[in-house]
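See structure below.
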């Protein structure tokens, strides 16, 4: 148990709770509280990479975006869709001919 406590402390997590009841022992491990914040900051970094690429190259397709971000197709599509909803980029074309460009402001 001491090794588990040391590992939790090394990762910056709260000390596990130990609850004894009769013949059983229950351990409660706490997750990192900043997981949502990390996901949000990662999304912002991905969006910044796409915007930087579009400023230089003018247009982007899904396969190039996947390579730039090093993400799966579904996660990349999700990020691009979110950027469209925010109004950062525009989608042009359909299916394989889909390109993304910076939205003119």
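The values are calculated or read from the model by the stated rules, or taken from the named source; none is laboratory data. The model shown is predicted, which means the values in this text are computed figures rather than measured ones. We place every Cβ from the backbone using ideal geometry, glycine too, and count neighbours over all the protein chains shown.
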- Query: In the stretch 55-75, what residues are within 17 Å of residue 97 (Cβ to Cβ), in a helix (DSSP H, G or I) and in contact (Cβ under 8 Å) with a residue 12 or more places away in the chain?
  - Reply: 62, 65
- Pick from the stretch 88-100 the residues that are in a loop (DSSP other than H, G, I, E, B) and farther than 18 Å from residue 49 by Cβ: which of them is nearest to the chain's Cα centre (by Cα)? 98
- Considering the stretch 1-32 alone, what residues qualify as being part of a loop (DSSP other than H, G, I, E, B), at pLDDT below 85 and either surrounded by 11 or more Cβ atoms within 10 Å (Cβ to Cβ) or touching a strand residue (DSSP E or B) at 6+ places or on another chain (Cβ under 9 Å) (or both)? 1, 13, 14, 30, 32
- Task: Return yes or no: is residue 61 out of contact with any helix residue (DSSP H, G or I) (no Cβ under 7 Å at 6 or more places or on another chain) and surrounded by 10 or more Cβ atoms within 10 Å (Cβ to Cβ)?
- Result: yes
- Task: Would you mind telling me which numbered condition in (1) farther than 21 Å from residue 45 by Cβ; (2) surrounded by 14 or more Cβ atoms within 10 Å (Cβ to Cβ); (3) at pLDDT below 95 residue 99 fails?
- Result: (3)
